[in-house]
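Novice: Dropping the structure in here first, questions after.
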Amino acid sequence: MLLRRLASCPGAGTMVQRFFLRPMSKSVRPSPVTGRFRRDAREDEKRGGEGRVYLHKSRGQHLLTNPRVLDAIVTKSGVGPSDTVLEIGPGTGNLTLKLLEKARHVVAVEIDKRLVEILHSRVVESGLEDRIT
């Protein structure tokens, strides 16, 4: 109801109609548990295929990908060669790999098993598996 009122306001109407009042896709449906909208898993497979990871907003998942930001985080953290780092939610390991280059040991805690597999394979490829737990 509120969105319908906003749609009638001058200036805001076009934006509200474009982003909020669009017809729902067939692949998006309310979750039976929470009532929130979620994408169908089959649709995710069609769109992404192999190698694509969809993140769960309910878990607050996001990935750091900008190399400048990653370098700035590691530099400003002051991690040295004798330090042990605890990383909560390493995701696919973008920051983890940078930390492994600087720290003596990294303890990474991830609850999403899909991301654990990706992280493990990336660490093995880099040859730093002896520095991570």
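Readers should treat all values here as calculations from the given coordinates under stated rules, not as data from a laboratory. Being a predicted model, the structure only gives us computed values, none of them experimental. Neighbour counts run over all protein chains shown; Cβ positions are idealised from the backbone, glycine included.
Novice: Under a 5 Å amide H to amide H cut-off, with H placed in plane at 1.01 Å, what residues pair with I132 once short-range neighbours are removed?
Specialist: V106
Novice: Principal axis extents for segment 58-126, Cα atoms only, whole Å, descending order, please.
Specialist: 31, 22, 20
Novice: Let's test the formula: R0 of 22 Å, r as the Cβ-Cβ distance of D83 and Y54. What FRET efficiency results, to the nearest 0.05?
Specialist: 0.10
Novice: Return the distance in nm (one decimal) between the two label points of a simple spin-label model at E101 and L128, each offset 7 Å from Cα along Cα→Cβ.
Specialist: Between E101 and L128, the label points sit 0.7 nm apart.
Novice: For the peptides 108-120, 58-70, what is the packing order when you average, over each peptide's residues, the other Cβ atoms within 10 Å and list the highest mean first?
Specialist: Output ranking for 108-120, 58-70: 108-120, 58-70.
Novice: Right, another one. Ordered by residue, what ³J(HN,Hα) values in Hz, to whole numbers, does segment 63-76 give under the Karplus form 6.51 cos²θ - 1.76 cosθ + 1.60, where θ = phi - 60° and Gly and Pro are x?
Specialist: 10, 7, 10, 6, x, 5, 5, 4, 5, 5, 4, 5, 5, 6
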